[in-house]
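The structure appears below as C-alpha cells.
Computed from the coordinates by the stated procedures, all read-outs in this text should not be read as laboratory data. Computed from a predicted model, the values in this text were never measured in an experiment. Reconstructed Cβ throughout: ideal geometry from the backbone, glycine too, with neighbour counts over all protein chains shown.
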Amino acid sequence: MCDQTFMAITFGPCDNCSTTSPLMNIYIKNEPTNYCSFCVEMMACQGLLKGETLASLKNESESLKKKLEEERAKLHDVELHQVAEKIEVVSALSIKTRRVLKGHGNKVLCMDWCKDKRRLVSSSQDGKVIVWDGFTLNKEHAVPMPCTWVMACAYAPSGCAIACGGLDNKCSVYPLSLDKNENLAAKKKSVAMHTNYLSGCTFTNSDMQILTSSGDGTCALWDVESGQLLQSFHGHTADVLSLDLAPSETGNTFVSGGCDKKANVWDMRSGQNVQSFETHESDINCCRLYDLRADREVAVYQKDSIIFGVSSLDFSLSGRLLFGGYNDYTINIWDVLKGNRVSMLFGHENRVSTVKVSPDGTSVCSASWDNTLRVSRALGMPWLLVLYSLT
Amino acid sequence: MSNNSVNSSSLVIAQKAVKQLRLEASVRRIKVSQAAADLKTFCLQNAHKDPLLMGVPSSDNPFRPPKSCVLI
C-alpha cells in the first residue's frame, strides 16, 4: 500500500460540465465533488471583485507584462559569452559513433538510458519497444504495444521496469523480467490516462511515480502502484511536447516545453507554474538557454547555415557541451558558455528524434527516423596519437 | 455556448492570466553577471569529470574497436 497524503484525484466526467478530463476534488458547501480544472476556476471566480471588468483585467495584464519585461531587462547587465571570453576554447572533440543499433522496423521516436549506463530502451513508430544492451548490441526485450507511434519511453531508476506510451493516450509500465520466455505484454500496467497523445514520460527519483506530458496541454504526476493522479499541471495553451526533471535528489520541480512556444517551470507539490519563458519565435531553428535565477534567456545557439529545427537536446555531464538533434539529420555540439558550435556528428539518414547523454556522461545516444540508434563516445588523445603514427 | 457564458469564460481566463502574471512578477531575480559567473564556475569545476569533453583512456573504453596484434 502506498503512503498517500493526497485525496484520490480521479479522471472522469466533471460533475459540472460533464467533459471527461483530469478532476480535482473540492468541497462545495461541505459536499465533496469532482470538478475539472476549468469549472474549479469558474466557481472560484464567481462574484467578481468590485470594479473588475474584462477591460480592467486586460489593462492590468498588459501593465504586469510590461513590468516583468522591465524587471528582467534591469538585470541584464552582461551577456554569458562575454563572461566566458577568458575561458579556454574547447579542444578538438574526438566524439565518434561507436555503435549502431539496428532492429526497429520504422522511425525510432524516443529513447532512454538505464542507470547502469549500458542498457537503453527505445520506442518506435512500428509499435515496438526494445530494450538493448549498448555494449553487445543484444536486444534483451522486445515489447509490442497495441498502438503505433510510441512517442515516449523511459527506464525506471531501478532498471527493473520501463514505461512507454503514445497515440494510445496512456502511459503503461512493464516490469522487466530476466526470463526471456516471459511475455512482458501480459504484465502491463496502465498508469497514466490523458485525453490526447502522450508526448513524454519520465520516472521521478523512484520507480513509484511517473511524470507525463501530453498533447492535451497538461502534464501529470501519477502513482505507479495504484494508477492514481497525484497532481496535474495546467497552464500550457497548446500541446506539451517535452519535459525534464530538475537534477537534484530532493528536487521537486520540472520544466515542460509546449507548442505555445513556452517553457514552463512547475512546482511538483503544489502544481503551480512558478516561471515561464517565452522568447522562442515560431520558426524555431535554435536552442535557447534560460537561467532560472536570473529569470531570463542568457544565450542563443544558432547559425545562419542551420535552417532546420531542433527536435531534442541534452547537456554533457559538466554542462559545457550541448548536444542538439536536428531535422537535417545531424547533431550539432555547442559550447554552452561561449555560444559557438564546437563539432558535428554525422551518420543518420533521417531526422534525429531524440538525443540523450548517458548517466555517467561517457556516451551520447541518438535515435532517428532512419530506424536506427547511434551511440557515440569520445576517445582519449593517446589512442589518436597511435593512429597517426600508423598511417 | 451562450453569449453570457462566453463573456464569463473570457473573464475567468483573464483573471487567471492576471493571477499568474502577479505571481511571476513577484519572483526574486539575480543579475545575469552573477548567474553567468556561477554557470562558468560550475562548468569549469566539473570539466575534468566530463568524459565527452576530456576523452576516455583507451583501456577504459568498452566501445573501442578491437586492436589486432602485429608481430614485427
Assertion target for A:Arg377, A:Arg320, ordered by fewest C-beta neighbours within 10 angstrom first, is A:Arg377, A:Arg320
With a point put 7 Å past each Cα toward its Cβ, work out how far A:Asn340 is from B:Asn46 in nm, to one decimal.
2.4
Mind checking the dipole of chain A: about its Cα centre, +1 per Lys or Arg Cβ, -1 per Asp or Glu Cβ, Debye to the nearest 20?
1040
Kindly write out, for segment A:324-337 in residue order, the coupling ³J(HN,Hα) from the Karplus curve 6.51 cos²θ - 1.76 cosθ + 1.60 (θ = phi - 60°), rounded to whole Hz, with x marking Gly and Pro.
x, x, 10, 7, 9, 6, 10, 10, 9, 10, 9, 7, 4, 7
When Cβ neighbours within 10 Å are restricted to other protein chains, what is their mean count per residue of peptide A:62-75?
3
Beta carbons within 10 angstrom, averaged per residue: use that to sort the peptides A:157-170, B:26-39, highest first.
A:157-170, B:26-39
Tell me whether chain A comes out rounded, prolate or oblate; compute the Cα gyration tensor, take square roots of the eigenvalues as a ≥ b ≥ c, and use a/c under 1.5 as the rounded threshold.
oblate
Which is the longest stretch in chain A that no exposed loop site breaks, taking sites as chymotrypsin sites (Phe, Trp or Tyr not before Pro) with a DSSP loop state and at most 15 other Cβ atoms within 10 Å?
A:136-307
How shielded is B:22-30 by partner chains, expressed as the average number of their Cβ atoms within 10 Å of its Cβ atoms?
6
Length released on extending from A:Asn16 to A:Arg288, taking residue separation times 0.36 nm less the Cα-Cα span
93.8 nm
Can you pull the mean other chain C-beta count within 10 Å for peptide A:290-296?
6
